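Presented below is the structure to which this report refers.
Derivation of every value follows stated rules applied to the coordinates shown; laboratory data play no part. Note that this is a predicted model, so its numbers are computed, not measured. Cβ placement follows ideal geometry from the backbone for every residue including glycine, while neighbour counts extend to all protein chains displayed.
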Amino acid sequence: MKERNYPCVEINLKHLKHNVEEVNRRCNEQGIEMIGVIKGATGLPLIAKQYIDGGAKMIASSRLEQIEDCIEFGIKAKYMCLRVPMLSEVDEVIRLTEYSLNSELKVLRALNHAAKGQNKKHNVILMADLGDLREGFWDKEEMVDVALLVENEMDNLILSGVGTNLGCYGSIVPTPDKLEELIEIAEKIETKIERKLEYISGGATTSLMRVWDGNMPERINMLRVGEGVILGRDLELFFGYDMSSLYKDVLMLKAEIIEIKDKPSHPIGEIAVDAFGQRPNYTDRGIRKRALIGIGKVDYGNPFELVPLEEGIEILGASSDHTILDIEENVNNLNVGDVLEFKVCYAIMVYVTNSRNVKIFYID
């Protein structure tokens, strides 16, 4: 039986390494260490390898199984657990990683106990919530108190630094003033413990705005970057930054046409809900040429975040396993069996690299 090649994701490793080198260079010029975040691409070890080959010293993910895959693949690096550890996984956090982000005293005590049991020292970064309302201490005095407890009472933990997350939930922009708030917290802690912290971690991809503008507050010395390296898309699309020094084709989705028909543009009959319980709106544009491709919502999530490279293609919607396209305006005489290529966003990258139905191919 002939091997089925589609749908697939093509990952250009050479272009990815270039992006890593470029972002890492810009960060290093401003005294910032770039941490390579791999969770957006489901922790693929060859993604992690390009980070390390491109100059990153540490790999980070919120999923410990992804870190373990990279270790077993032979990626020599320090590793960071990005998500506040679950109590049920503290032993694995200590076994697999050198650093973790934290905001709960109970978890810190459990990490200390696990590190003692494994005869290890583990670095922790305490997270401050500066308004994005995801993880982090909201009460900053509590954060200082917990820092003192880690420093003075938890012998197997090293208080490595403080950090924050901005933009992932509350859409808060990492402005210089906002990041200065993090520095103020760090300096309060440093006064109490009478030493400098190793890291002040100023966020993720959105904080690259400060690097590109050259106005990152001086003491921010770590950023945790995923999308900004792999896709190089969001800062340009949403904030208007010139990201022309980065390749935008590191990860491309390809899918095969399985049907082409002239059909009405409005469903015929009594309309209720679709397969996902939604009530879509349909516009009657008469008979139009439509194509189906062999990939659906279970593979990528939201069809309207796909960007077709072929001109004259409009995405109409999708079911679980089919994506419906209007190709009336396309001039290239598409046929069943033709393969269409799509740019993807962060959310689609997460889905397609995690789908068993989507094969992954690497371009060196």
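In degrees from 0 to 90, rounded to the nearest 10, what is the angle of the helix 13-29 Cα long axis to the longest principal axis of the chain?
The answer is roughly 40 degrees.
So which aspartates and glutamates can residue 248 reach, going by Cα to Cα under 20 Å and dropping same-chain residues fewer than 8 places off?
10, 21, 22, 53, 227, 234, 236, 305, 310, 311, 341, 364
With a cut-off of 8 Å between alpha carbons and a minimum separation of six or more residues, what is the relative contact order of the chain in percent?
On the way: 767 pairs, mean separation 67.8, N = 364.
Result for the chain is 19 percent.
Applying a 10 Å radius around every beta-carbon, put 241-248, 50-57, 208-215 in order of their mean neighbour count, most first.
Values: 241-248: 15.6, 50-57: 20.6, 208-215: 17.5.
In decreasing order of mean packing, 241-248, 50-57, 208-215 become 50-57, 208-215, 241-248.
Quickly estimate the mean residue ellipticity at 222 nm for the chain, helices only: each DSSP H run with n ≥ 4 gives -39500 (n - 2.57), and the total goes over all residues, rounded to 500. Mind dumping the intermediate values first?
Values: 12 runs with 115 residues, N = 364.
One gets -9000 deg cm²/dmol as the mean residue ellipticity at 222 nm.
What ranking do 331, 144, 173 get, fewest neighbouring Cβ atoms within 10 angstrom at the top?
Values: 331 9, 144 18, 173 12.
In order of increasing Cβ crowding within 10 Å: 331, 173, 144.
Can you tell me the 0 to 90 degree angle between the C-alpha axis of helix 64-73 and the longest principal axis of the chain, rounded to 10?
Rounded to the nearest ten degrees, it is 90.
Anyone know which of 142, 187, 22 comes out most mobile in the 10 Å Cα GNM of the chain?
142
Could you please rank 287, 230, 125, placing first whichever residue has the fewest other Cβ atoms within 10 Å of its Cβ?
Values: 287 11, 230 29, 125 23.
Ascending Cβ contact count within 10 Å gives the list 287, 125, 230.
Quick check: pseudo-label points 7 Å beyond the Cα along Cα→Cβ at residue 335 and residue 138, how many nm apart are they?
Each label point is offset 7 Å from its Cα along the Cβ direction, giving 6.2 nm.
Provide the convex hull volume over Cα atoms per residue for the stretch 122-234, in Å³. Don't skip to the answer; put the middle values down first.
Values: hull volume 10.9 nm³, N = 113.
Cα convex hull per residue, to the nearest whole number: 96 Å³.
How much length would be gained if the chain were fully extended between residue 319 and residue 241, taking 0.36 nm per residue of separation minus their Cα-Cα distance, in nm to one decimal?
Numbers: separation 78, 0.36 × 78 = 28.08 nm, distance 3.45 nm.
Length gained between residue 319 and residue 241: 24.6 nm.
Within the stretch 251-363, how many lysine pairs that are 8 or more places apart, or on different chains, have C-alpha atoms less than 15 Å apart?
Numbers: 254/297; 254/343; 254/359; 261/289; 263/289.
Final tally of qualifying lysine pairs is 5.
Plugging the Kirkwood radius over Cα pairs into Stokes-Einstein for the stretch 1-129, at a temperature of 25 °C and a viscosity of 0.890 mPa s, what D comes out in µm²/s?
Details: Rh = 15.9 Å.
For the chosen part, D equals 154 µm²/s.
Compute the helix-to-body angle for 140-153: its Cα long axis versus the longest principal axis of the chain, expressed 0 to 90° and rounded to tens.
For helix 140-153, the angle is close to 60 degrees.
What list do you get for 80, 216 if you sort them by fewest beta carbons within 10 Å?
Values: 80 26, 216 23.
Result, fewest neighbours first: 216, 80.
What residues from the stretch 313-353 fall in the zone where the backbone N is under 12 Å from a label point 7 Å along the Cα-to-C-beta line of residue 259?
Only 319, 321-325 pass the distance filter.
For the chain, how big is Rg over Rh, using alpha carbon atoms and the Kirkwood form of Rh? Working shown, then result.
Working: Rg = 23.3 Å, Rh = 22.4 Å.
Expressed as Rg/Rh, it is 1.04.
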